[in-house]
Amino acid sequence: MGDKENAYVLQAAIAKAGYEAEKATIRDIHLKVAPGELVGLIGPNGAGKSTTVKTIMGLMPNVTGKVEIGGRHKRYAYVPEQPVYYEYFTLWEHLRLAASVFGITEAQFASKAERLLEQFRLTEEKHHYPMSFSKGMQQKLMLIIAFLLEPDIYIVDEPFVGLDPRATSDFLSLLQGELDRGAGVLMSTHVLDTAERICRSFVLINQGSIVAQGSLDQVRRDAGCAEDATLSQCFLALT
Amino acid sequence: MMTPSGLFFFRLKRNIKEQAKAWSSVLDWTVLLYILVPAILVFGGLYREIWLETPKWAAGVPWFLLLSIVLFLIMAFGVRIRIFVDEADRLFLLQQSRWLKQLKRYGMIYSFLMQALVLVPPFLVALPFLVGVEQAKLKEIGAAYLYSLLFAMLMSMTIHMLAGMFRKWRLIVMEAIVLLIGAAAYVYPILTLKPEASIFGEALAGAAVLLIIVVIVYLRRPIQFETEVKNERSARLSSTELLMSQVIERKPVMKLKKPLFMRRSGRLFKKSDTGTIIAELRIIAFIRSLSTLRIGLGFLSVTTGALIAVPASAGFALIGGFLFLIVPWLRAQWEQWRNEEFVGQFPWNTADMFAGLRISRFWLLLPNMMIWSAVAGFRLLGLWAVLPSMVACVLIWRVAHTREWRRPALKAEASNAGRD
């Protein structure tokens, strides 16, 4: 694989996308995520963040544009805001199915899954149904599945909702490990202070289009804010 | 480790268990002992008698037409394609097209087998009449079954794919077009079912070719995941909804910002008495509830097709028969609406409630009466008879609704219609 192919783990050039052919929900969304880069997808409620994520995942019925997953395996992992799980599988069976789907061998799977369960303190619950978990534990399951797959790009929707401070810290340190491995992260969030601290660049969306993009300095310039303005101040100025 | 076939059969097994659990909640041993077993004995005996000697009343009934109407209604509203996808598949299965394709393949085979089973009972019930009255040979009946099966699969695949391609009013229009074309394309070859009729063979071949094309297109198209999940969820809940239809809250089929009908919350009638207002709300609710409207339109299209197919002299008599089918259904819909939480919270007056039922029924069935009478009149006496037939039918329909209010039996019904 050439350097050019390795340059980005996600490239999206969406001219328009929506549920109906004539009614675009998002327009002109162009974003790229490089290996090891954490990009924050920011915007008010109803701005088009979820539609952007759905378009990247190929869930929107009407899309004009191109979405390309790059990297070694061309594989993404999705962590939804609201945990989704199979009512009829235990935590361990969830992980086994995910491993089966991606051709991970039983031996590789078992050791890695055990390690992740330990890290997220869910070893005791490995044979429980996720339905019996708290929302925070269900959210941890979403993260464990994502980390198990070692994807090229993580698409993470509001990861901090429902996590306690310790789980948030675990999540962030594991995410850092994945960034160091060369994975990219596209993270949609409203927790702007954390986003400001951990994201290398930002994509601000409002009313279905990008209103600012790039590093925090670039966002400050786009928003017409002072050099020391916070992301939150830029957000308020732009939306 | 798990395989696509393993996952499919796991989900299928779980679905069978779920359905069995739902049905066993109402079919306990008392139901089996006091209702099902006697019913099987009584109807079994009756069925045997019909085989031994065809009853006289059955002679004038167009059995193939009746069977084709029932089968078409089953095809249009009673069968569906299931591929057993799950909301959680978006986590990781979504990016594995091989797994999804396998689920699609197994799902289509399963749906085909299910449809083959669902179509058997109507054929079994009609069999003695088809043989005794219509003098149909088993070969012809077998061909009709095969055609019905191919057509059922074709219809369900087409409607399934339309749901992934269109939304809101476009989907309704497309479904209505498919239902109308489907009704004509299905009923006509069934009615021409004679050994010498080459059209049946052609229709059979046509349905097979179309089905193959639709299957190939469906397999090659990328999965419309959200539509498939929605479809699967509704299929999983269908038994429960059927069994619990009187107690569960009905949710709208789709979310709209503004209604498609009466977009500015206007009025239908000038009068403002309570009965008229209830009738007006009932009519608006009926039309805005797309599922009931779809069934109503489906019934209208199938029955109109039947009026075109039967001998002209039987047309007006058949309209009476249609009313025997549609009026109880409309009444059941009324009961459901009347018992909805919001409607049910008010202390309605009995007379007002009954007036609402009467007025709404008159207006909701008026278009049917006009279309049916126009078709029956045209077929019996030609173009000049269209308008007089419509006027006569509307007048009779009007009088029936004015008169029934004075009938003692229906006054008793009125006491049940209110909630006081």
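Residues whose amide H falls under 5 Å from that of A:Y78, counting only those 5 or more places apart or on a different chain, are A:I155, with hydrogens built in the peptide plane.
Please name which of B:T304, B:S97, B:L138 has its Cα lying farthest along the dipole of chain B towards the positive end, using unit charges on Cβ (Lys, Arg +1; Asp, Glu -1) and the Cα centre as origin. Result: B:S97. Once both labels are positioned 7 Å from their Cα atoms along Cα-to-Cβ, the gap between A:R72 and B:K17 label points is 3.9 nm.
Segment B:135-172 and segment B:282-335 have their alpha-carbon centroids 21 Å apart.
Note on B:A208/B:R48: beta-carbon distance plugged into 1/(1 + (r/R0)^6) with R0 of 35 Å gives a FRET efficiency of 0.45. P(r) for chain B, from all Cα pairs and a bin width of 10 Å, is 4, 17, 26, 28, 19, 6, 1, 0 %, short bins first.
Between B:A312 and A:A13, the simple label model (points 7 Å from Cα in the Cβ direction) yields a spacing of 6.7 nm.
Both the radius of gyration and Dmax for the protein assembly as shown are 30.4, 97 Å, in that order, over alpha-carbon atoms. Label zone (A:Y88, point 7 Å along Cα-to-C-beta; backbone nitrogen cut-off 11 Å) within segment B:59-93: B:84-86.
Taking a ≥ b ≥ c as the square roots of the eigenvalues of the Cα gyration tensor of segment B:4-244, is the shape rounded (a/c under 1.5), prolate (a/b larger than b/c) or oblate?
Note, shape of segment B:4-244 comes out oblate.
Evaluating 6.51 cos²θ - 1.76 cosθ + 1.60 at θ = phi - 60° for every residue in segment A:33-42, the Karplus couplings come out as 10, 8, x, x, 9, 10, 10, x, 9, 10 Hz, glycine and proline recorded as x.
Need one word for segment A:96-160: rounded, prolate or oblate. Basis is the Cα gyration tensor (sqrt eigenvalues a ≥ b ≥ c); a/c below 1.5 gives rounded, then a/b vs b/c decides. Oblate, since a/c reaches 1.5 and b/c is not below a/b. Here the Debye sum runs over all C-alpha atoms of segment B:274-417 as equal scatterers in vacuum, and log10 of I(q)/I(0) at q = 0.14, 0.18 Å⁻¹ comes out as -0.71, -1.06.
When the Kirkwood hydrodynamic radius is evaluated over all pairs of different C-alpha atoms of segment A:1-125, what value in angstrom, to one decimal, is obtained?
Values: mean 1/r = 0.0583 Å⁻¹.
With all distinct Cα pairs of segment A:1-125 included, I get 17.2 Å.
Kindly flag which residue pairs out of A:K135/B:K168; A:K16/A:K66; A:K54/B:K101; A:K16/A:K54; B:K21/B:K101 have an alpha-carbon separation exceeding 22 Å in this structure.
Values: A:K135/B:K168 33 Å; A:K16/A:K66 10 Å; A:K54/B:K101 20 Å; A:K16/A:K54 13 Å; B:K21/B:K101 30 Å.
Among A:K135/B:K168; A:K16/A:K66; A:K54/B:K101; A:K16/A:K54; B:K21/B:K101, the Cα-Cα distance tops 22 Å for A:K135/B:K168; B:K21/B:K101.
Between B:A58 and A:T105, the simple spin-label model (points 7 angstrom out along Cα→Cβ) gives 6.8 nm.
Laboratory data are not the source of any read-out in this text; all were calculated from the coordinates shown. None of these values were measured; they are calculated from a predicted model. Backbone-built Cβ (ideal geometry, glycine too); neighbour counts: all protein chains shown.
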